[in-house]
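The values are calculated or read from the model by the stated rules, or taken from the named source; none is laboratory data. Remember, predicted model here, so these are calculated numbers, not experimental data. Cβ placement follows ideal geometry from the backbone for every residue including glycine, while neighbour counts extend to all protein chains displayed.
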Amino acid sequence: MEENDRLREENKRLKRAVDELSILNELASAIGGLNNSEEIIRKILNRALRALNAEQGVVTLVAEGDDNPLRTLVRSSFTSSEHTALHFNDMLLGWMTHNKSPITLNDPVSDRRFGGAEWNPMVRSLVCVPMLVRSGLKGILTVYNKKNSEKFSDDDQRLLSIIAAQSAQVIENARLYEEESALMKIRRELDLASQIQSDLLPKGKPEMPGYDIAGATFPARSVGGDFFDFIPIEDWKLALCLGDVSGKGLPAALLMTNIQASLRSEAFLGKQAHECVERMNRQLFLTTGPEKFATLFYSILDGRSNTLSYCNAGHEPPFLISDNGAPRRLNIGGTVIGAIDPMSFMGASVSFDPGNFLVAYSDGVTEAMDNNMIQFGEDKLSRLITENAGLTAAELVKLISDAVKAHAGSAPQHDDITALVIKREK
């Protein structure tokens, strides 16, 4: 009799081993060629529930490098339609993060290891196992409630642990693949945005008899928030502007594009410089949030009277250089645009004598820092442009950008670098 009992137990053990091997082989075949983590997780849960005869399961991916190391990303769950979805217990997550070992709870409420924990009353039993990759916890696989009110066994815990170990690297590979694919998509979109932004900038030098004009911008990222523009109004009149939008990256670039397009429309209305700035301030205030604003130097060059009327809305005051005097700063205007409405701006006008030239720039020029946190500064910029007054407008723009980059050396570029030069020929 005892011999028969032993044979039955041995046959049962062998059958279970064969069934487990079949489950693991089936799972390996199902997830081996997949790159979609959601689909992989669904297949893992489906087979785990069938293998353990459980009602519900969930895979929780543990976020890395987060301010809260216990924050989780619940990627997928599987449950029968008649069962309400269960949520992962934070105390259980903390235990698993600390111990990184399997645990079976057939009476969670009474388990002393989790005294004081609030359990969902629908949780009768559970098996929770870690999903490890090179000893690092990447996720947690949990199944709830053995069917027919049975209890989970040691064999159940062992099988679920094997499933988790077999699946962890596959999920991690799929997650990394998805992250790389998403990053490549973002890069393609940024490249496209960068090309669009570049296409919106002036191409070549504007034609204004008696003047030499040039500008350039060098974004700190793929796209930037600085812009400059030359807008022909009449054969003898040209609007020139340089602006700097708050923020960095794509949001700043989108706002910059909007401002640039609006300025082109405003320039053809025949308004004075300060009136155009006031209208731009109102547009920006009404269409953006309170954290969005821009600095703007907007000017209109009159080739007949050789005057430049301008309005400086919180921008770095450009340098006006003459043959017989110190550099003059053009700072009349008002505050940044987009912050306050209504807001009045002032305008001013300066004469352009033969040999005079103007240099407008963004704060990315003067605030560029080297590895010792020393800024390029306004004094250095002033000396640079006065000592090289004989250069053409394009040569002076290039000299400024080269000097700023040489000053920064190996330090990263934190802000866009933009410069615009207007020279009246002698």
*Can you tell me which residue within the stretch 283-299, out of those that are over 25 Å from the mean Cα position of the chain (by Cα) and of a type in the set (S, T, N, Q), is farthest from Lys237 (Cα to Cα)?*
Gln283
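Just a yes or no: is a residue in the stretch 340-354 under 30 Å from Leu190 (Cβ atoms) and assigned by TED's automatic domain parsing to the domain that holds Ala419?
Residues of the stretch 340-354 under 30 Å from Leu190 (Cβ atoms): none.
The answer is no, given that none of the residues of the stretch 340-354 is under 30 Å from Leu190 (Cβ atoms) and assigned by TED's automatic domain parsing to the domain that holds Ala419.
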*Working only within the stretch 355-373, note down all residues that are in a loop (DSSP other than H, G, I, E, B), of a type in the set (A, V, I, L, M, F, W, C) and touching a residue at least 24 places away in the same chain (Cβ under 8 Å).*
Ala368
_Restricting to the stretch 205-246, name every residue that is more than 22 Å from Asn306 (Cα to Cα) and out of contact with any Asp or Glu (no Cβ under 9 Å at 6 or more places or on another chain)._
Ala216, Val223
*Are there any pairs with C-beta distances below 9 angstrom linking a residue in the stretch 122-148 that is part of a loop (DSSP other than H, G, I, E, B) to a residue that is buried (at least 20 other Cβ atoms within 10 Å of the Cβ) and small (Gly, Ala, Ser), with the two at least 6 apart or on different chains, and if so which?*
Ser125/Ala54
_The one condition in (1) touching a residue at least 40 places away in the same chain (Cβ under 8 Å); (2) of a type in the set (S, T, N, Q); (3) within 19 Å of Leu45 (Cα to Cα); (4) not in a strand (DSSP E or B) that Thr97 fails to fulfil_ = (3)
*Give the residue that is modelled with the highest pLDDT, with candidates limited to residues of the stretch 197-251 that are within 27 Å of Gly289 (Cβ to Cβ) and of a type in the set (Phe, Trp, Tyr).*
Phe228
*Inside the stretch 341-355, can you point out the residues that are surrounded by fewer than 22 Cβ atoms within 10 Å (Cβ to Cβ) and either among the polar types (S, T, N, Q) or under 20 Å from Cys276 (Cα atoms) (or both)?*
Asp341, Pro342, Met343, Ser344, Met346, Gly347, Ala348, Ser349, Val350, Ser351
*Under the condition of being of a type outside the set (Ser, Thr, Tyr) and part of a strand (DSSP E or B), which residue from the stretch 341-354 is farthest from Tyr211 (Cα to Cα)?*
Ala348
*Of the residues in the stretch 92-113, how many are in contact with a Lys or Arg (Cβ under 9 Å, 6 or more places away or on another chain) and either more than 15 Å from Tyr144 (Cβ to Cβ) or surrounded by 12 or more Cβ atoms within 10 Å (Cβ to Cβ) (or both)?*
7
